[in-house]
Amino acid sequence: MTDVVAKAVRGAKAEATTSGKPAAVRSMNIWSVTAMGIGAMVGAGIFALLGEVALVAGDETYVSFILGGFVAILSGYSYAKLAARYPDAGGLDTYFNEAFGAGRLSGTLSLIYLLTIAATIALVAKAFGAYATELAFGSTDVVWINAFGSALTI
């Protein structure tokens with residue numbers, strides 16, 4: 001079975017050529033996956049939450065980012081190790097299926113994960129809308145905040 005999969009992969013790579021040159025094979029290693037996870041978490045935190053964190057933490061804001069960065073490193077490392085162990089394009093859904101089997105629990109967890117992604121996108125878009133409205137108009141008009149946020153999402 002493994003030989004069949006390997007031949008199929010080689011055949012797909014051979015077919016994906018341009019001008020007689022073989023197509024570039026791209027893969028992600030543990031460091032690139034870890035960096036991508038850290039970038040997403042820290043990037044959203046800096047752009048969307050910096051003002052709120054500064055209001056709550058005051059002069060200790062840097063401690064919040066140090067702790068958040070540490071958690072992001074652990075999370076990125078965990079995803080990278082899972083991706084290395086289960087190399088499949090399914091992402092987190094694959095890990096749920098491996099842990100709990102394909103069924104209601106893994107399906108429910110996958111749906112919850114998709115909802116959290118939607119909430120994160122909405123949070124970042126709303127924060128961008130607030131910053132863009134303040135920059136463009138010097139106001140906090142909700143209509144413009146939502147317009148900029150929607151434009152970013154679209």
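The values are calculated or read from the model by the stated rules, or taken from the named source; none is laboratory data. Quantities reported herein were computed from a predicted structural model and do not represent experimental measurements. When we count neighbours, we look across all protein chains shown, and the Cβ atoms used for this are built from the backbone with ideal geometry, even at glycine. Just the protein is used for accessible areas: all its heavy atoms, side chains included, with ligands, DNA and RNA removed. Shrake-Rupley method; radii C 1.70, N 1.55, O 1.52, S 1.80 Å.
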- Query: Rounded to two decimals, what is Rg over Rh for region 69-149 when you use alpha-carbon atoms and the Kirkwood radius?
  - Reply: 1.19
- Which net charge results for the neighbourhood of ASP141, defined as the other residues with beta-carbon distances under 15 angstrom from its beta-carbon, given Lys and Arg at +1 and Asp and Glu at -1? 0
- Task: Would you kindly state how much longer the chain becomes between ILE121 and LEU152 on full extension, computed as 0.36 nm times their sequence separation minus their alpha carbon distance, in nm to one decimal?
- Result: 10.2 nm
- Heavy-atom accessible area of ILE66 with all protein chains present, probe 1.4 Å, nearest 10 Å²? 110
- Each label point is 7 Å from the Cα along the Cα-to-Cβ direction; what then is the distance between the points at GLU52 and ILE30, in nm? 3.4
